[in-house]
Every structure is written in structure tokens, then in C-alpha cells.
Amino acid sequence: MLESLNFSSALSGEATIEIILLAIVIVISGFLLYAYIYFSSSKWILKWYGAQKIQRSEKTLLYSLLENLASRAEVKPPEIYSFESRIPSMFTVGHTSKSSIAISTSMLEMFGELEIEALMAHEIGHIKNKDVGKNTFIALIAGTIMLFPNFTMWCSMLSGFGQPEDPAPRYFRYIGTAIAVPPAALLIHLTNPAKRELEADEVAVKLTKNPQVLAKTIEYLENYIPLQPVSTKFNPGHFHLFSTHTQQIRGYLSIFISLFDTHPETGDRITRILSNSTYIKNENISNKRSRVPGFFDVKNWRLALGISFVTYMAFLFVVIVGVTFLLKDFNFLINIGITAVYTGIVLLLIGATAKLSRRETYFKNPSVIPKRIILNSVQAFKQLMKKCLKSVRFNSNNYIHRKKSDTKEEKKSEIS
């Protein structure tokens, strides 16, 4: 009896040691992965935009302006990169010990010394406020998530569903976007990017002592950028990195862009810059919608959340079918449990995204927001079904057309 007790206790002791060792390995692996992403994310984002380092001999004045700003802010001067883009834009990536400012070629061509200095002062403000490491880390993860829609589109094309502009690949990309947007937008809004932009503006005003130039430049960019052609280079998961709204998204995916409205309203932002007012943590940002035409729309915001909710719940059917296939039997209790847990996670994800992506000041009656999101889910379901039926009809018509053409060719070959 004693021997059996000793044997069982030894086994339990060995199992406990194995669990502890496994936990230690998981923690160390997670830490190493986090460290790798944190210190290499800036390199990957610069590669994404094809940014090339500007040598001091090429832009001596630019480096002098930046070093002067960094000296006043008491931070290490960042490296300067440039990337090809017709959209005038600027962003900063890096971590605690090293940072880099990337400026588009069109911005360097359009603006003079004062405007560039004001925008670089804003980026130095992010460095001084220690925003850059967090912004870069989140940008890499959110940007990677937002590659999923293109992945689904290419998978559908490789499976023989047509070209990028055909209904079926567009439908798969639409579904992929509905799945990817909530987690990506949630990650970005957890860092409160609008607040960080206002705080960086304050630092820029203190460094340049010229709020008029910063206000005028931001206002010009916010009105100029929406008029430019849409560029596929800009990833929505990176929008929070830029000084202003990057661009207006057009087309059938435009309803999702409202979830990535990461900047404060331009009019309010300019007023704060010109008055040199201090942003209070608990103060509401008094914008009903973005100044950029079509960037934020309350109706599209609700519809986007509704579409994402319907898409996630539709995927539940696939999960239940998979579990039933593995168990080789339909277990009611297990499927009910899976449904309850899955639905709870989806509601938590959609609810948190809705809460953080738009402040209550944007709506006349915030209490009806969940109800309207649910009502929009019905509309979203109808919209998804229409797109699905359209893609099915397109593919069936193509199949019939190919069948007829094959039959004609066979008849011609028989006659000859």
C-alpha cells in the first residue's frame, strides 16, 4: 500500500515538474517572440513601403532641422528614410533605443523648410512621449492581420474562381476583410491614438514656437489627400502611424474604413494647436465625424460591425461541422457549449471594437448603438447573401458558357 502511494506520488511529482517546465518554455518563447517583433517591426514596416535611407550628404538641411528639433526635445535624433508615394505622408517607427522617420517623396517635393520642420516636430513629439515603440509593434501585428483579405482573395483565384475583379474573389476578399477588421481595429484603438496625436501636436508647438505653420500644414493635408488616387500601398493597420489621415478608401470595402479613424477631427485639432491648449486626459474630443470626406460615417460604422458579426457567426457553422466530423457524432451538449463560448467571444470582440473605435460623443443616443448594430446585422446578412448569390451565378454562367464552347469545338472536330 505504501509502495503504491509512493509510486503515485512520484508520478504526480514528475507530472508537476513537466507542467512547470512546459510553462517556463512557453513563457520564455513568448518573451523571445515579443522581443523579436518589438525590435524588428520597424525594419519590416520600412520594407513594406520600400523606404530607402537618406544620406546626410543628400539632404544636409533636412538632417540639420531634425537634429535641432531632437536636441531641443532631448531625444536621440532618428534616421531619415524616404519612400515613393504620390500621397504626401510621414511616419515614425522604431523602439526605445532607435527610431526612424520616413517621408514620402511627394511630401519632400511639395513642402518647404517650415512645413517639413513642423511635421518632423510632430514626429519628434511621438518619440519624446515614448509612443513609437508601441505604435510600431501594434502596426506590425494589425498590418499583418489586414493582409488576410488579400490572402483569401488569392486563395480563391488559385482555386479557379476567376480574376481579382470577378465577383467570387471580391466576395472572398469582402469576407476576409469582415473577419480581419475587428481584431486589427481593436488592437490599434487600445493605444488611444487620437489622444497621442494631440499630445504630439503639443510637443511640436513647444519645439517650433510656430503653431500657425503646423495647423496650416495639417489642414492642407487633410483636404488634399482625399482628392488623390487610392494607393494600395497603405495598409489600414498602419493608419495610426501617420501624421494625418492617410487617404480616403473607395469601393466596396470602404464601409470598413470608419473603424480605422485614428485621428482627431481636423477642426478641433487645429483649434487646439492655434490656442496651444493642453489636452486633458478625461476631456472628450468634440468631433462628430472626420473632416476627411467619407472617411468616417456612422451608418457605415454600424454596418461594418454588423457584417463582421454575421460573418463570425456564419463561421460557427463550420466549427460545429468540424467538431461533429471529428467526434463522428452530433453531441448536443458539446455543440451547445461550443456555441455559447464562441458567441461570447465574438460578442466581446465586436463590443470592445465598437466601444473603442468610436467615442460616445459621436452619437446623439449612445444607448441605442448595440440595438442598431444588431439591426444592421440583418442588413449585413442580406448584403452578404446577395454577394454570394451574385458570385455563384457568375461562376455558373461561366461554366455553362465554357460547356457550350467545348461542345461546339467537339462538333467542329467531328465534322472535320
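The values are calculated or read from the model by the stated rules, or taken from the named source; none is laboratory data. Quantities reported herein were computed from a predicted structural model and do not represent experimental measurements. No Cβ is skipped: glycine too gets one built from the backbone with ideal geometry, and neighbour counts run over all protein chains shown.
The condition of being polar (S, T, N, Q) and within 19 Å of the chain's Cα centre (by Cα) holds for only one of Thr191, Thr208, Thr217, that being Thr191.
Pairs are defined by a Cβ separation below 9 Å, a sequence spacing of at least 6 or placement on different chains, a first member in the range 78-89 that is within 8 Å of Tyr49 (Cβ to Cβ), and a second member that is in a strand (DSSP E or B); the pairs so defined are Phe83/Gln52; Phe83/Ala102; Phe83/Ile103; Phe83/Ser104; Ser85/Ser104. Filtering the range 38-59 down to residues that are assigned to a helix (DSSP H, G or I) and free of Cβ contacts under 8 Å to residues at least 24 places away in the same chain, which residue is surrounded by the most Cβ atoms within 10 Å (Cβ to Cβ)? Out of the qualifying residues, it is Lys43. Is at least one residue of the range 150-159 more than 30 Å from Asn68 (Cα to Cα), more than 22 Å from the chain's Cα centre (by Cα) and surrounded by 15 or more Cβ atoms within 10 Å (Cβ to Cβ)? Taking every residue of the range 150-159 in turn, at least one turns out to be more than 30 Å from Asn68 (Cα to Cα), more than 22 Å from the chain's Cα centre (by Cα) and surrounded by 15 or more Cβ atoms within 10 Å (Cβ to Cβ). Looking only at the range 302-331, residues that are modelled with pLDDT under 85 and aromatic (Phe, Trp, Tyr) come to 1 in all.
The residues in the range 332-369 that are at pLDDT below 80 and surrounded by fewer than 16 Cβ atoms within 10 Å (Cβ to Cβ) can be counted, and the count is 8.
Tally up the residues in the range 27-84 that are of a type in the set (S, T, N, Q) and closer than 30 Å to Ile145 by Cβ, please. Lay out the reasoning, then the answer.
Quick first cut of the range 27-84, residues of a type in the set (S, T, N, Q) only: 29, 40-42, 52, 55, 57, 60, 64, 68, 71, 82.
Next cut, closer than 30 Å to Ile145 by Cβ only: 29, 40-42, 52, 82.
The qualifying residues number 6.
Return yes or no: is Leu33 under 30 Å from Thr232 (Cα atoms) and at pLDDT 90 or above? Against the criterion (under 30 Å from Thr232 (Cα atoms) and at pLDDT 90 or above), Leu33 does not qualify. Within the range 60-74, residues that are farther than 16 Å from Ser99 by Cβ and of a type in the set (Phe, Trp, Tyr) have Cβ atoms under 7 Å from residues that are modelled with pLDDT under 95 and part of a helix (DSSP H, G or I) in no pair, counting only partners at least 6 apart in sequence or on another chain.
Counted as qualifying within the range 118-206 are the helices (runs of 4 or more DSSP H) with 1 or more residues that are at pLDDT 90 or above and aliphatic (A, V, I, L, M), namely 132-145, 167-189.
Residues are listed down the side, and each one gets a yes or a no for (1) surrounded by 24 or more Cβ atoms within 10 Å (Cβ to Cβ); (2) farther than 18 Å from Glu265 by Cβ:
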residue: Glu165; (1), (2): no, yes
residue: Ala180; (1), (2): yes, yes
residue: Leu187; (1), (2): no, yes
residue: Ala200; (1), (2): no, no
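For Glu123, the test of being without any contact (Cβ under 8 Å) to a residue 12 or more places away in the chain and assigned by TED's automatic domain parsing to the domain that holds Lys233 is failed.
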